[in-house]
Amino acid sequence: MEPEAVNLPKTLTLEKVQDVQHWTETLFSFRTTRPSAFRFRSGEFIMLGLLKNGKPLLRAYSVASPHWDDGLNFYSIKVQDGPLTSLLQHIKPTDEILIGKKPTGTLVIDNLIPAKRLFLLSTGTGIAPFASLIRDPDTYDKFDRIILTHTCRNAKELRYGEHLLDTLDQDPLVGEFARDRIKYFASCTREDYVNSGRITTLMESKELFEKLSIEDLNSETDAIMICGSMGMIDDVRKIIENVGFVEGSNATPASYVIEKAFAE
Ligand code: A2P
């Protein structure tokens, strides 16, 4: 893709694609250079996109790498008739893409009050902000134990998350201790897999806690982040509010926070 000569708004910058990985026909991840002087908190999202007919075409994307990393990672779906991802899925190294310089979002540890355990509950591409948080040493400073769950329709859609966990011990900052402090639980809803079912069902049946050999949720000692579809968020929210969890925000930290996963 040739960069077009246009005047970009001050909030946008063109960054170079460094790496692209295709996980399935509908999922891919990529890494870009990082804008100079760009700061964000692990778990936040930015606007990202391409120029189409000289105009920025942007969508919100969670940064899937931690705040200390010198590149930016992203994880995306591919929608064949999606305005952005139908084009974005074809990017290759050295192409330029638009990156918004104003990070924002609620899935940051500052929005949670201190707790012993942090549950990161994700479906689909909702794992992206957690890919950032599990590589941030601050997450481990604030919480003793991290429990990351990822639910997808099929096993192949879990590959990105599995790879993330498999390579965590090679991370330069958290590699030495992260794997011992994280429990990872993956499940599928439309294919046989070692764990089956929606995260809501697995929480209500207690299978999640039994299989991981951990105690049930406790709003006094746990904090939760949720990222998935609106339906998933609403259903998880009902379950956890029933047992005393309270939604936090930038203004008022509390015991859980939510964000909708990217959808084209
Ligand atoms: P299911 O296959 O039973 O719909 P999607 O690809 O539609 O975003 O879904 C990703 C995963 O989230 C799927 O495993 C899906 O399960 C699950 N899911 C969808 N809706 C909900 C919900 N309301 N509560 C919990 N999990 C959900």
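The values are calculated or read from the model by the stated rules, or taken from the named source; none is laboratory data. Keep in mind the model is a prediction, meaning the values are calculated, not measured. Here the Cβ is made from the backbone with ideal geometry for all residues, glycine too, and neighbour counts use every protein chain on show. With ligands, DNA and RNA removed, areas are computed over all heavy atoms of the protein, side chains included. Shrake-Rupley method; radii C 1.70, N 1.55, O 1.52, S 1.80 Å.
A few notes on this one:
- Within straight-line cross-link reach of Lys260, lysines at Cα separation under 19 Å, skipping those fewer than 8 residues along the same chain: Lys78, Lys102, Lys238
- About the Cα centre, charge dipole magnitude for the stretch 109-262 (Lys/Arg +1, Asp/Glu -1 at Cβ), debye: 320 debye
- Helix 230-242 and the long axis of the chain differ in direction by around 30°, with both axes built from C-alpha atoms.
- Each principal axis of the Cα cloud of the chain was taken in turn, and the coordinate range along them, longest first, works out to 57, 39, 34 Å.
- According to the Kirkwood relation over distinct C-alpha pairs, the hydrodynamic radius of the stretch 191-236 is 12.0 Å.
- Against the compact-protein benchmark of 2.2 N^0.38 Å, the Cα-based radius of gyration of the stretch 109-262 scales to 0.97.
- Kirkwood hydrodynamic radius computed over the stretch 12-100 comes to 13.1 Å, based on all pairs of distinct alpha carbons.
- Highest to lowest packing among 140-152, 89-101, scored as the average C-beta count within 10 Å: 140-152, 89-101
- Inter-centroid distance (Cα atoms) of the stretch 62-134 relative to the stretch 151-220, Å: 18 Å
- Selection among Phe45, Ser29, Pro9 by position relative to the dipole of the chain gives Pro9 as farthest towards the positive end (Cβ unit charges, Cα centre).
- For the chain, carbon and sulfur atoms together expose 48% of the accessible surface, with a 1.4 angstrom probe and every protein chain in place.
- Only the Cβ atoms of Lys and Arg (+1) and of Asp and Glu (-1) were treated as charged; on that basis the dipole of the chain about its Cα centre amounts to roughly 600 debye.
- In summary, the lysines within cross-link reach of Lys211, defined as a Cα separation below 19 angstrom excluding same-chain residues under 8 places away, comprise Lys183.
- Charged side chains reduced to their Cβ positions (Lys and Arg at +1, Asp and Glu at -1) give the stretch 12-100 a dipole of some 200 debye around its Cα centre.
- Calculated translational diffusion coefficient of the stretch 134-210 (4 °C, 1.567 mPa s; Stokes-Einstein with Kirkwood radius over alpha-carbon pairs) equals 97 µm²/s.
- Over the stretch 55-142: Kirkwood hydrodynamic radius from C-alpha pairwise inverse distances, Å: 14.9 Å
- The residues of the stretch 109-262 present an accessible area of 45 Å² per residue when probed at 1.4 Å with all protein chains retained.
- In plain terms, the bigger the Kirkwood radius, the slower the diffusion; for the stretch 86-182, with that radius from Cα pairs, at 10 °C and 1.306 mPa s, Stokes-Einstein puts D at 104 µm²/s.
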